[in-house]
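Working notes, structure below.
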Amino acid sequence: MSRLELTRRRLLQAGGLVMVSSLLPVSLNALADTPAAVGDLPLDRVDSFIGLTADGQVTAFNGHVDLGTGIRTALAQIVADEISVSFDHVTVILGDTQRTPDQGPTIASATIQVTSIPLRQAAAQVRQLLLGLAARAFALPVDRLRAENGRVFAVDKPHVSLSYGDLANGQNLQVALDKTVKLKSVADSRYVGKAVPRVDIPAKVTGQLTYVHDLRLPGMLHGRVVRPPYTGADSSAPLGSGLLSVDRASISHLPGIVKLVVINDFIGIVAEREEQAIAAMRQLKTVWRPWSGLPDLSVQGLQVALADNPKSDRVLRDDAGVDAALASLHTEVNADYVWPYHQHASIGPSCAVADVSSEHAEIWSGTQNPHDLRKDIAHLLDRQPEQVHINRMEASGCYGRNCADDVSADAALLSQATGKPVRVQLMREQESGWEPKGTGQLMRVRGGLDQHGQVAAYELKTSYPSNNAVTLSLVLTGKVANRADVQQMGDRTAIPQYEYPNMRVICQDAAPIVRASWMRGVSALPNVFAHESWIDELAWHAGQDPIAFRLQYLKDPRAVALINALKKQAGWQDGPAHRNPATGEQAWVSGRGFAYARYFHSKFPGFGAAWAAWVCDLSVNRHSGQIKLDKIFVAHDCGRIINPAGVRHQVHGNILQSASRVLKEFVTFDASAVTSLDWGGYPILRFDELPQVDVQLLDYPDEPSMGAGESASVPSAAAIANALFDALGVRLREVPFTPEQVLKALKQQASANAERDKS
């Protein structure tokens, strides 16, 4: 057993194990020190999700991880309520591949919405099992008993009770999960729906938490990697076949070098000290095959590059009357919307530690995909998945698909090569360059109004060249072929929620141009940018209030209730957009924009997460193009709210991050690589640029909980674009809305007006 390994068996043994662990034999007294290798924990067993110790402590297991979203706290609230124990008696274990079931990667706002369900069911089932045991012990029917604070009481005799530990002692409670188990009512909730302080915050603010960057093992060595010069490129670059030579003598004079590891295109250096590994990384001389195969991905060239990228149409919806309606439009509004490449911009470069022996591989990682990473490392090292243990730790930034998996694989290779624990941390330029980007996206819309000022047709073609971004070392070592991989990820919220009379939606699936994968909002954010900008433009052509115009086509009662609540919250004044155009040389003008969406995610047709609507108040300088976000109002509906404070924090984070993406962020490239390699080349929103934020949470305690990790970001770009139109009378259809883009749009408008006046 590894020195830092903590198995489910040891975890529960510490409190005097009484039940539930699929790693245990039927006899609960036989507790071996070293567990046998095990496969994936079953998803249909109670003991895969809930553990109970003799002192009444509850351990909850979930295969997802907490990415700063507060799910460790929310899951504990759910379990404490359902099993009837005190909140501080619940410990939540997340993402550990030996102790938690494989519930897929932590994506798509799916933890509370999806993976918490079997956990809640298991907790309820354990409570019922304990009540059954107490019924036999007291010789009373179950309906005359109540469970509270880890004990079962006789209703008529409150002084008669047994603890959970007493009841479960000696029992074999490894049972199948009952998905029909009766859950507690809202009225019986003690913690769910209440603002509970996050359990991870105290250790973080006091410095007690060990992040993966801080982990040190006895005898640990330090590694650095040398990447190919095709920084951030995907399958079109010669990854896996680009290395021509390595000059080992170029670092032979440096102190502390333990080993230079070269496997195909993978190059890693292991040294006694970190600064020694860095020096060797920088001085190692290598020769690579030349390549300059990227198209023009600049702000000016991106639209053409995305349009020219090979793609295949996948029809999501095609009403019979679309072509006829398009041919007879009274007011035609056709527009292309362009979304740039974005970085996750993790505050700290990815880091991992690996300790690989001939029998076992221990990996400490900030991954958000621990079980998938386990499979990747097993493939990389030619091991069985059971021989790989991913210890998931907190990291200084991880959501979406950054380099956490890549660096974990790097560390595993270097540890295997040296037989010692090895820590690898990427340099800032490696993280920025190689992290799988939030991809560029092109949305092409055709449609318009009929003679009555009503929407006649809507056609959307959306192209999102992205995939899952295979773990980099698998490609560099040749374990996985370097080939174009097309993933069907561009269809998130591709179909608007408006009931238009004639609609066609086509997802144009395409292989990545550069290394790209999922990022917050996935393709939904750009798709909604197109949906909500276009309908706002039609409302203006129809001379109608933007919200009133939308409500004609929106039949979802929760969406309507959300929007009406937001109107009241923001003090919305009905009327068409841009009804108060600036006059003369007025520099600063103000605008207000609206946008709405419900986030639909996962494999098409997917399923809906939370509803969110924005009202954005901003100011913009007509002479400089500078934009100032004044205040953002957001109404949010995620069904039954587990932790209102946690949801509010998530909405705040969504607002600020998406505002930064819309106003400032875009990745730059040259002909062969990413060139945005530091904070100077990739600016984000500063503290002094943050808007005021006003969040309203609509609670539906009797409805299922929806995911809240991403939904509030989805309307952002359209709300800001619509506010800019209200202020300036021009439509910005290419993100980011930099001062240069604003001035370009104003210049084009002035030129168009001059030509119109001439004619």
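Within 10 Å, at most 11 other Cβ atoms, and a DSSP state outside H, G, I, E, B define an exposed site. Report the longest part of the chain free of exposed trypsin sites (Lys or Arg not before Pro). Mind showing how you got there, number by number?
Values: sites that count: R3, K179, K182, R216, R483, K555, R579, K603, R686.
With a cap of 11 other Cβ atoms within 10 Å, the longest stretch comes to 217-482.
By a straight-distance test (C-alpha under 29 Å), which lysines pair with K420 as possible cross-link partners, with residues fewer than eight away in the same chain excluded?
Qualifying lysines at Cα under 29 Å: K259, K285, K375, K479.
Hey, what number do you get for the chain at 222 nm if only DSSP H runs of n ≥ 4 count, each worth -39500 (n - 2.57), divided across all residues, to the nearest 500? Write out the running numbers ahead of the final one.
Numbers: 18 runs with 205 residues, N = 759.
Calculated at 222 nm, the ellipticity per residue is -8500 deg cm²/dmol.
Can you give me the Cα centroid spacing of the stretch 298-325 and the stretch 512-527 in angstrom?
Measuring centre to centre over Cα atoms gives 16 Å.
Order of H452, H344, H649 from fewest to most other C-beta atoms within 10 Å?
Details: H452 8, H344 24, H649 17.
Ranked by crowding around the Cβ, least crowded first: H452, H649, H344.
Taking the alpha-carbon centroid of each part, what is the distance from the stretch 343-411 to the stretch 71-107 in angstrom?
21
Which of the lysines could a cross-linker bridge to K555, judged by Cα under 25 Å and excluding same-chain residues fewer than eight apart?
K461, K567, K568, K603
Identify the GluC sites (Glu not before Pro) of the stretch 474-545 meeting these criteria: DSSP loop state and at most 10 other C-beta atoms within 10 Å of the C-beta.
Working: sites: E499, E532, E537; in loops: E499.
Within the stretch 474-545, no GluC sites (Glu not before Pro) qualify (loop, at most 10 other Cβ atoms within 10 Å).
Relative contact order for the stretch 529-643: what is it in percent, counting Cα pairs under 8 Å that are at least 6 residues apart? Don't jump to the answer; show the numbers that get you there.
Numbers: 149 pairs, mean separation 25.8, N = 115.
Relative contact order, the stretch 529-643: 22 percent.
Longest segment of the chain with no chymotrypsin sites (Phe, Trp or Tyr not before Pro) in a DSSP loop having at most 16 other Cβ atoms within 10 Å?
Details: sites that count: Y211, Y553, W679.
For chymotrypsin sites (Phe, Trp or Tyr not before Pro) (loop position, at most 16 other Cβ atoms within 10 Å), the longest site-free span of the chain is 212-552.
Based only on the alpha carbon positions, what is the Kirkwood hydrodynamic radius of the stretch 202-269, in angstrom? Please report the intermediate quantities before stating the final value.
Details: mean 1/r = 0.0649 Å⁻¹.
Taking every pair of different Cα atoms in the stretch 202-269, averaging 1/r and inverting gives 15.4 Å.
Would you please calculate the Kirkwood hydrodynamic radius of the stretch 127-198 over all C-alpha pairs and express it in Å, rounded to one decimal?
Values: mean 1/r = 0.0726 Å⁻¹.
When all Cα pairs of the stretch 127-198 are included, the Kirkwood radius is 13.8 Å.
Mind listing P(r) for the chain? All alpha-carbon pairs, 10 Å bins, whole percents.
Here the calculated profile for the chain is 3, 13, 22, 23, 19, 13, 6, 2, 0, 0.
Output the DSSP H helices from the chain with an along-axis C-alpha extent of no less than 27 Å and a mean Kyte-Doolittle hydropathy no less than -1.0.
Working: long enough: 116-138 (33 Å, 0.63); 644-663 (28 Å, -0.08); 739-758 (29 Å, -1.20).
Helices meeting the span and hydropathy rule in the chain are 116-138, 644-663.
Restricting to bridges with both residues inside the chain, how much of the DSSP beta-bridge set is antiparallel, in percent to the nearest 5?
Values: 85 of 114 bridges.
For the chain, the DSSP antiparallel bridge percentage is about 75.
Considering only C-alpha atoms, what is the centroid distance from the stretch 558-590 to the stretch 685-754, in Å?
Taking the Cα centre of each part, the stretch 558-590 and the stretch 685-754 sit 13 Å apart.
Going by C-beta contacts inside 10 Å, put D40, D313, D757 in order with the fewest on the left. List each step's numbers first, then the result.
Values: D40 15, D313 11, D757 7.
So the ranking, lowest neighbour count to highest, is D757, D313, D40.
Can you tell me the dipole magnitude for the chain around its Cα centre, using point charges on the Cβ only (Lys, Arg +1; Asp, Glu -1), in Debye to the nearest 20? Please list the in-between numbers first.
Values: 74 positive and 79 negative charges, 139 e Å.
Value, rounded to 20: 660 debye.
Each value in this text was obtained by applying a stated rule to the coordinates, not by laboratory testing. Because the structure is predicted, anything quoted here is derived from the model rather than measured. Cβ coordinates were reconstructed from backbone atoms using ideal geometry, including for glycine residues, and neighbour counts include every protein chain displayed.
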